[in-house]
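Here is the structure we will look at, set down as structure tokens.
Laboratory data are not the source of any read-out in this text; all were calculated from the coordinates shown. Computed from a prediction, not measured in an experiment: that's the story for all the values here. Cβ sites come from the backbone with ideal geometry, for glycine too, and all protein chains shown count toward neighbours.
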Amino acid sequence: MLVVMICTNRFMHMLLEKESQLEENQVIFQRFQDQINKLEKEVDETPQCKSGRRFILHIGPMKTGTTALQLFPELDTETLSQDGWLYPAEHNQMTYTQSATRKCSSATINNTDSLQDLEYYNSLAKNTNGRTLCEFFDVNKWKVFRNVLSRPDEDRDIFLVDEMFGVMRDTRPNWRRVKQVLSTFDVQIVISYRRYFEWFVSFYNQAYGQYTPIIEEELTNTWPDAKMKNKRYNNRIRTIGEYHDLLKSDESSIMNLRWGHKHGEMHPFEAQYKRFQPHFPNIVTFNYHIKSDTNILAEFYCNVLKAHASCEKRRRVGIPKTQNPSSQKLVTFDMLAVAAYDEGLINVTHSNNTREAVATAAKLRHKSIKTEFPLICMTEQQIQELRNWTITFERRIVPDWAEQHEDDLNQEFQSYLDKNIFCSVDANKLIEEDEDWREWFKSLLI
């Protein structure tokens, strides 16, 4: 008995010593952190020697026409130079700095992820929802970004369009890094506004639009595992109504990870404004819907850059037709292919019958026979919810314009309803009831 008491007392004494050491370390760490915060504040408040050059950074959000704004300025370098603007030739190498895709559990300090990032990403990897892919800071692209903006022999103003810059993690190391590079410029941030119902539909198609795997829903070109069917990330495309409800509650969704809010809580425009305004207060709203008789690139040149020669050129010649890769979607036909696979109709022993190949073949067949697919549409409650969010956000973000264009909003929303854009194919019903499609899938050898 005496021995047990002595051992217990020793153990308690050791435990108290460890707790005391831990408290001391926490105090030391807090003092160290306070010193860092003080130094950072002093750096932020120290007047910088400005070069007089402007740097305009368009930070999206994604799905607001940024692809056109990224692609076509390289065709206008001569007129842009006349207008005093440089669109870096290396723009493809310096954008998407916050979109290096890796496994969430692979965050390390060596990859320039802060301790705050490290803890955050590792917590995602342990999340019961099962997200495996996260977006990290791309060191190599940042080096190009820094080098381009540091060239001493350049006197033109610079602009860049990078929607992923707008979802940069809101951490001290990130802001310190950005401010250091931009310290000599007069910085203006541009954020695009697009009506929420349009943006959501486009975002849904982006989330399921490619097999890379893309990070949004971690969709791959492999056939889905039946055992994973009830998991959050199950390599399957949900209907737009299902996705609507999912994003309202899922904290592991890419929407919540990028913008810090769930579906319907805040417009991505507002989230990015809130994130950047404390650091770069000069922010301009670029209204996606104000195109009048021209095009989005001409509007950007005319009203944001004030680049008159470039503006007139694009008003005169327009812009080439382009298609964002995510809009070349196989969403409907992938849903059909997977439903057929679940029914055992796909000959997966044939090596060319990959998921993407089967979905593409189904799309080509539909183009030739014009089958009218059965649909699963968003419910009246979901539709009303989406409409109300759209109206609320528009009145908050562009209040004067919203008041003048309320009828236009209602007409556009109704056109989406009339065109069944808030609907998805009822793939299971089609496969169950359409014998022609069943036989076609069974006989398919690509």
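Compute the Kirkwood hydrodynamic radius of the range 347-446, taking the inverse of the mean of 1/r over all pairs of distinct Cα atoms, and give it in Å to one decimal. Value: 16.9 Å, from the Cα pair sum. In a DSSP loop and with at most 16 other Cβ atoms within 10 Å, the GluC sites (Glu not before Pro) in the range 236-323 are Glu251, Glu265. Of Phe286, Ile296, Trp259, whose Cα points farthest to the positive end of the dipole of the range 257-317 (charges on the beta-carbon: +1 Lys, Arg; -1 Asp, Glu; origin at the Cα centre)? Result: Ile296.
Please order Ser252, Ser202 by the number of other Cβ within 10 Å, starting at the fewest. Numbers along the way, then the final one.
Values: Ser252 15, Ser202 18.
The most exposed by this proxy come first: Ser252, Ser202.
The magnitude of the dipole of the range 326-382, with charges of +1 and -1 set on the Cβ of Lys/Arg and Asp/Glu and taken from the Cα centre, is near 320 debye.
Taking neighbour counts of Cβ atoms within 10 Å as a proxy for exposure, in what order, fewest first, do Asp153, Asp400, Asp117, Asp186 appear?
On the way: Asp153 4, Asp400 8, Asp117 21, Asp186 14.
If I rank by nearby Cβ atoms, fewest first, I get Asp153, Asp400, Asp186, Asp117.
Where q = 0.23 Å⁻¹, what log10 of I(q)/I(0) comes from the Debye formula for the range 200-309, counting one point per Cα? The Debye formula, applied to the Cα set alone, gives -1.23.
Across the options Ala337, His308, Asn347, the greatest Cα extent toward the positive end of the charge dipole of the range 280-380 (unit charges at beta carbon of Lys, Arg, Asp, Glu) belongs to His308. Computed 3J(HN,Hα) for the range 260-277, one whole-Hz value per residue from the Karplus formula 6.51 cos²θ - 1.76 cosθ + 1.60 where θ = phi - 60°, is x, 8, 9, 3, x, 7, 7, 6, x, 4, 5, 5, 6, 4, 4, 6, 8, 4, glycine and proline marked x.
The equivalent ellipsoid that matches the C-alpha gyration tensor of the range 290-400 spans semi-axes of 41, 24, 12 angstrom, in descending order.
Measuring against 19 Å, Cα to Cα, the residue pairs Lys103/Lys126; Lys231/Lys442; Lys227/Lys248; Lys141/Lys179 contain Lys231/Lys442; Lys227/Lys248 as the ones spanning a longer distance. Working from label points 7 Å from Cα in the Cα-to-Cβ sense, the His366 to Gln384 distance is 3.1 nm. Stretching Leu246 away from Asn221 to a fully extended chain increases their span by 6.7 nm, per 0.36 nm per residue minus the current alpha-carbon distance. Of the peptides 218-231, 83-96, the ranking by mean beta-carbon count within 10 Å, highest at the top, reads 83-96, 218-231.
Taking the DSSP beta bridges with both ends in the range 57-206, the antiparallel portion is around 40 percent. Amide H contacts under 5 Å for Asn287: Tyr193, restricted to partners 5 or more places along the chain or on a different chain, H placed in the peptide plane at 1.01 Å from N. Under a 5 Å amide H cut-off, with hydrogens placed 1.01 Å from N, Phe159 pairs with Ile56, Leu86 among residues at least 5 apart or on other chains. Place a point 7 Å from the Cα of Ser351 along the Cα-to-Cβ direction; which residues of the range 415-446 have their backbone N under 19 Å from it? Under cut-off, by backbone N: 444-446. Sparse packing (at most 14 other Cβ atoms within 10 Å of the Cβ) combined with a DSSP loop state is found for the following trypsin sites (Lys or Arg not before Pro) in the range 367-446: Lys370, Lys419.
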